[in-house]
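Have a look at the structure below, then the notes.
The values are calculated or read from the model by the stated rules, or taken from the named source; none is laboratory data. The structure displayed is predicted, hence computed values, not measured ones. Heads up, the Cβs are rebuilt from the backbone with ideal geometry, glycines too, and the neighbour counts pull from every protein chain shown. Accessible surface areas use protein heavy atoms only, side chains included; no ligands, DNA or RNA. Shrake-Rupley method; radii C 1.70, N 1.55, O 1.52, S 1.80 Å.
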Amino acid sequence: MYARVIVDINSEQVDRLFTYSVPEDMELMPGERVLVPFGPRRLYGVVLETARETDVAPEKLRPVLSRVDDEPLVLPELLDLARFLSSEYRCTLAAALRLLLPSGMREGARPLTRLSVALVGDADEALARCKRGERQRQLIEFLAGRPEGALLTELPFPGAPAVARALEKKGLARIAPRAVRRRPYEDLPEEGAAVSLSPGQANALERICATLDGEPGAFLLHGVTGSGKTEVYIRAVREALLRGKGAILLVPEIALTPQMVAWFRARFGDVAAVLHSRLSGGERADEWRRIREGRARVVIGARSAVFAPVESLGLLIVDEEHEATYRSQTHPCYDARDVARARCRLQGATLVLGSATPAVETYSRTLAGHNVLLEMPQRVAGRPLPEVTLVDMRKELIAGNRSMCPQALRDAVEETLLAGQQIVLFHNRRGYANFVKCRACGYTVHCPHCDVTMTYHLSDETLRCHYCGASMSAPHTCPACGSPFIRRFGVGTEQVEQKFREIFPRARVLRMDNDTTRGKDDLTRILTAFRRGEAQVLVGTQMVAKGHDFPGVTLVGVIMADMTLNLPDYRSEERTFQLLTQVAGRAGRGETPGRVVIQSYEPEHYAIAMAATQDYRAFYQAEITRRRRRLYPPYALLSRLLVTSRSESDARAEAELLGLEVDAWFRETPERRRKVIQVRAMEAPLSRIRDEFRHQVFVKLYAVGSAEPLQYLSDLARARRAEGVKVDLEVDPVSFL
Ligand code: ADP
Ligand code: ZN
Ligand code: ZN
């Protein structure tokens, strides 16, 4: 026998299968980890294939040294997903396999076993032979009711595995690896006094469940904020478990609060596993192991939980599917939604994408028939959507009101505070002031390492770079001309909080942004305090907009809605609409109806006007029309070759050379010419980060037929990297800065 193995080295040079001979007495399966000789080293690898024959010359073959586990660590059902990842995201198979194994599991330290113990003969006979061993008797009694045996990890008292071994020595029990067969009905907690579903929820649930019995389906659950999507997910997961299938629920990391986790565990008990970033490596490996061993059958987790080793997956749900955090920012830059879709196809599972503001691309794919659209246009329990007031800040300015909190918002805040209800104030920029500038000479303080202005933070009187973290104490005179007329411009959350305290000195205020949530538990502490009503006002960046369910909030104020609108990015309209709709959706989720005040300098802009009316369809129509006309995704595919270097001239020269080469390649045949819209070498919008200069070749392709050009660009980047140039292909990146 021969094993074709991927060794655990993430290098483009060794990105292929290596063949080893399998010793006579060793049996190997695809997915198993092995120890193999590699040059002078011994390395871990994963068996991808086994074969009876090989073309490799016998003298070149070396044997597998050992198996690491009792059975495949990589779920064999997921080996094809590794191949998908490697081809879709142009990464090595070793890198793809690393995604499927958490770091704590890659080393050989704790092998995976699913050893189970079962009695060999009659229980009474066994008891008779163990008259004096109390613990042995206890274990025999436990096993007597389990003819199929029990996992060593499931025995009823600590130290039981050793007792099991003693029984085995006496010939009374047998220990062997075993696939766990779940008895799906038994370990689910009873449903408590459940709410009765709204008609929209009931319909969505029914449609999803129908596919759990028959053909797997793919759905987009488009439900307005507060329509009760979570309840649909939870019940659908339950239905999958009752059918003996596994399930995964992906949520944005920020939604994985301890309350959410506790609530999820209460609904599913021990069959639930949770994967989030606050887990240590060891804890994560333990949860992972529980899933792999089949003891946990439902997983809730952030992005990377899409790789959780759930066997016979029946249902995969992606909540808040529009969130940019589903895109990995480190290579391989996978998109968890696309991985979810591929995984569902490979494992025959049903996919559910859910959102109040679906990504434009998802909605367009849905209208094209790739997903079934399920709509929940109403909030649960007959609650209305919040009433929205748009405040035109230009008129305020003309009327002489230069405050960032004009009368409309001030009145609403006052009323809400008097009524003892809660308020969320949203402003999407942290710090105190966005930048400092000299009024005498015009000098603006930039980061010494990046091409960005530095943000003023009042709490410690520093200027900080939000890209590299550099900080310096704020100057009192202009560093360029020495003038004392150095001023702060723009508004950040710190200033919103401070001004708010000045106007409403008696209100208790919390702030939630990257600055106040640096510690591991800060986020939880703030969310818990606010939920408990320990503060009346929560000021924050987009963190406050994400999925939270605060029933006490009846007013949401948006300080400056245009904040995200004018960035050089084709998605900025979409992001603005999503953010505003989501943050507005935090109001009025409890008994009392909510209202929203949105302040804007461009209230007639469709992204803002339609967020105010909370009309997703209208926004989608306007946005898709713009994208078709301007040739943006989904009609086009934007990519770039990003060149970075410590030397500005090297970065520029390399990008220019690459640009010429790419351009020439596209001109070579008429067929290639038809696939490209634009090729342009230029400085990246952020021309320097952490002392690295950045230039790019921007390539805009037609979406249809883009596979071949992308392969070319990928190969080109790879060839240049082999020559030592730092260049990366980014396909439809989250940001083009
Ligand atoms: P969404 O995610 O769609 O914004 P959630 O799932 O957070 O909405 O639900 C909003 C609130 O409504 C939650 O507090 C939830 O417990 C409650 N809820 C869900 N379904 C129902 C129902 N059928 N009747 C009453 N309340 C419900
Ligand atoms: Zn100056
Ligand atoms: Zn910097």
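A few comments on the model shown:
- Meets criteria (open to solvent by less than 10 Å² (accessible area, probe 1.4 Å), in a strand (DSSP E or B) and at pLDDT below 95) for V74: no
- The one condition in (1) of a type outside the set (D, E, K, R); (2) at negative phi; (3) open to solvent by 10 Å² or more (accessible area, probe 1.4 Å) that A381 fails to fulfil: (2)
- Restricting the range 3-20 to residues that are open to solvent by 30 Å² or more (accessible area, probe 1.4 Å) and in a strand (DSSP E or B), the residue that is farthest from D715 (Cα to Cα) is R4.
- Of all residues in the range 431-456, those satisfying the criterion of being in contact (Cβ under 8 Å) with a residue 12 or more places away in the chain and within 14 Å of ligand 3 (Cβ to nearest atom) are G431, F435, V445, C447, P448, H449, C450, D451, V452, T453, M454, T455.
- Conditions (1) open to solvent by less than 20 Å² (accessible area, probe 1.4 Å); (2) under 32 Å from the mean Cα position of the chain (by Cα); (3) not small (G, A, S): number failed by L139: (2)
- Tallying residues that are of a type outside the set (V, I, T) and either assigned to a strand (DSSP E or B) or within 15 Å of ligand 3 (Cβ to nearest atom) (or both) within the range 457-475 yields 12.
- Top-ranked residue of the range 399-456 - restricted to ones that are under 25 Å from H476 (Cβ atoms) and of a type in the set (V, I, T), ranked as nearest to ligand 1 (Cβ to nearest atom): T455
- Residues (of a type in the set (S, T, Y), assigned to a strand (DSSP E or B) and under 25 Å from T325 (Cβ atoms)) located in the range 352-401: S355
- Residue within the range 542-557 that is in contact with a strand residue (DSSP E or B) (Cβ under 7 Å, 6 or more places away or on another chain), surrounded by 21 or more Cβ atoms within 10 Å (Cβ to Cβ) and of a type in the set (F, W, Y) present: no
- Residues being open to solvent by less than 50 Å² (accessible area, probe 1.4 Å) and either of a type in the set (S, T, N, Q) or under 33 Å from the mean Cα position of the chain (by Cα) (or both) - total across the range 648-658: 3
- Test for R673: is it open to solvent by 50 Å² or more (accessible area, probe 1.4 Å), in the same structural domain as D715 (by TED's automatic domain parsing) and on the phi < 0 side of the Ramachandran plot: yes
- Test for Y601: is it assigned by TED's automatic domain parsing to the domain that holds V413, closer than 27 Å to L417 by Cα and not small (G, A, S): yes
- Within the range 709-737, the set of residues being out of contact with any helix residue (DSSP H, G or I) (no Cβ under 6 Å at 6 or more places or on another chain) and part of a loop (DSSP other than H, G, I, E, B) comprises E723, G724, K726, D732, P733, S735, F736, L737.
- Checked against the criterion of being modelled with pLDDT under 90, under 27 Å from R289 (Cβ atoms) and either in contact with a Phe, Trp or Tyr (Cβ under 6 Å, 6 or more places away or on another chain) or open to solvent by less than 70 Å² (accessible area, probe 1.4 Å) (or both), the candidates A126, A166, A160 yield just one match: A160.
- For the range 45-67, a residue qualifies if it is under 30 Å from A340 (Cβ atoms) and surrounded by fewer than 18 Cβ atoms within 10 Å (Cβ to Cβ), and the qualifying residues are E49, T50.
- Hits in the range 608-657 (condition: hydrophobic (A, V, I, L, M, F, W, C) and free of Cβ contacts under 8 Å to residues at least 24 places away in the same chain): A618, A622, A653, L657
- Residue count for the range 214-270 under the criterion of being more than 16 Å from ligand 1 (Cβ to nearest atom), open to solvent by less than 10 Å² (accessible area, probe 1.4 Å) and touching an Asp or Glu at 6+ places or on another chain (Cβ under 8 Å): the result is 1.
- Of everything listed in (1) farther than 27 Å from Q621 by Cα; (2) surrounded by 19 or more Cβ atoms within 10 Å (Cβ to Cβ); (3) in contact with a Lys or Arg (Cβ under 9 Å, 6 or more places away or on another chain), the single unmet condition for M376 is (1).
- Scanning the range 281-327 for residues that are in contact with a Cys (Cβ under 8 Å, 6 or more places away or on another chain) and buried (at least 20 other Cβ atoms within 10 Å of the Cβ) gives L313, L316.
- Some residue of the range 441-458 being open to solvent by 40 Å² or more (accessible area, probe 1.4 Å), more than 16 Å from ligand 2 (Cβ to nearest atom) and touching a Ser or Thr at 6+ places or on another chain (Cβ under 8 Å): yes
- Test: residue in the range 473-488 that is within 16 Å of ligand 2 (Cβ to nearest atom), charged (D, E, K, R) and buried (at least 17 other Cβ atoms within 10 Å of the Cβ): yes
- Taken across the range 458-471, residues that are among the aliphatic types (A, V, I, L, M), over 29 Å from the mean Cα position of the chain (by Cα) and more than 24 Å from P685 (Cα to Cα) do occur, with at least one present.
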